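Reading through the structure tokens given below for one structure.
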Amino acid sequence: MTAQEDVNTILRTTRPVTLVGGGPVLAEDLAWSISRAPCIAAADGGAETLVAAGYVPEAVIGDMDSLSEAALAKLPKEIVHYVDDQDSTDFEKCLSRITTPLIIGLGFLGGRLDHTMAALSTLARDRRRCILLGSSDVVFAAPALLRLDVAPGTRVSLFPMGPVAGRSQGLRWPIDGMRFDPGGRIGTSNEATGPVHLEAEGVIVLLPPSERDVAVDAFGTG
């Protein structure tokens, strides 16, 4: 294990990155993510999932409070980066230390609700190109301009993490002229009428997991 890291890039790559956290991860989702994002990294205890599946990540980043000694012993020491910062989550530690065109995160949704909420808050603040995949949703923060090539009837939920307004085309209930706020109006269970064009930077977009390729393609990489 290396000495405590400063806030500098630990993993730099031109390839999309599969980042695995310590929450539930379906084997099929992991295989799909690696096919789209072949550089593999782990947030702390996410290395347990990778080791169990037979993968050695290129970096493990976190405070290592969730990584067992047994899993640690199977990892090359030089890839394990200890970051002792109790003011940030392991997800935040990873986002600030990985430079890549796109991150696909697994194991950050579907576990403890407070962990999920923390991950969504990080997405909204960080604004990096990052997609989180869980068993029920594909989740990401919308860029300034977003096109989703989804079929009519596809669920497109919009959740504001703060006050936000925007415009849309291709939604059954357009958002033009609306003011969204987590304590007021939100956009749960909207529906596509065809390809969606969205201008609502920072709003959290939730799609069915079947639309994971659509989400990746929307960022123009992977």
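The values are calculated or read from the model by the stated rules, or taken from the named source; none is laboratory data. For clarity, every value in this text was computed on a predicted model and none was experimentally measured. Glycine gets a Cβ as well: all are built from the backbone with ideal geometry, and neighbour counts include every protein chain shown. Note: areas computed on protein heavy atoms with side chains; ligands, DNA, RNA excluded. Shrake-Rupley method; radii C 1.70, N 1.55, O 1.52, S 1.80 Å.
Odds and ends about this structure:
- Count - residues of segment 31-67 that are under 17 Å from the mean Cα position of the chain (by Cα), within 20 Å of Gly110 (Cβ to Cβ) and open to solvent by 50 Å² or more (accessible area, probe 1.4 Å): 1
- No other residue among Ala70, Ala118, Ala142, Ala124 is over 30 Å from Arg167 (Cα atoms), modelled with pLDDT of 85 or more and either in contact with a Gly (Cβ under 6 Å, 6 or more places away or on another chain) or small (Gly, Ala, Ser) (or both) apart from Ala70.
- Subset of segment 89-130 that is closer than 19 Å to Ala215 by Cα and in contact with a His (Cβ under 9 Å, 6 or more places away or on another chain) - its residue that is surrounded by the fewest Cβ atoms within 10 Å (Cβ to Cβ): Leu109
- Taking the numbered list (1) in contact (Cβ under 8 Å) with a residue 40 or more places away in the chain; (2) open to solvent by 30 Å² or more (accessible area, probe 1.4 Å) in turn, Pro76 passes all entries but (1).
- Exclusive hit being under 28 Å from Ser136 (Cβ atoms), of a type outside the set (A, V, I, L, M, F, W, C) and without any contact (Cβ under 8 Å) to a residue 24 or more places away in the chain, set Pro101, Pro24, Pro38, Pro57: Pro38
- As a summary of the residue check, Asp85 satisfies the conditions (1) modelled with pLDDT of 90 or more; (2) in contact with a Lys or Arg (Cβ under 8 Å, 6 or more places away or on another chain) except for the one numbered (1).
- The strands (runs of 3 or more DSSP E) located wholly in segment 114-222 that include 1 or more residues which are within 23 Å of Ala43 (Cα to Cα) occupy 130-133, 138-141, 204-207.
- Filtered residues of segment 160-195 (kept if basic (Lys, Arg) and either modelled with pLDDT of 90 or more or open to solvent by less than 60 Å² (accessible area, probe 1.4 Å) (or both)): Arg167, Arg172
- Scope segment 138-159; condition buried (at least 19 other Cβ atoms within 10 Å of the Cβ) and closer than 26 Å to Leu26 by Cα; matching residues: Val138, Val139, Phe140, Ala141, Ala142, Leu148, Val150, Thr154, Val156, Leu158
- Ala70 aliphatic (A, V, I, L, M) and open to solvent by 20 Å² or more (accessible area, probe 1.4 Å): yes
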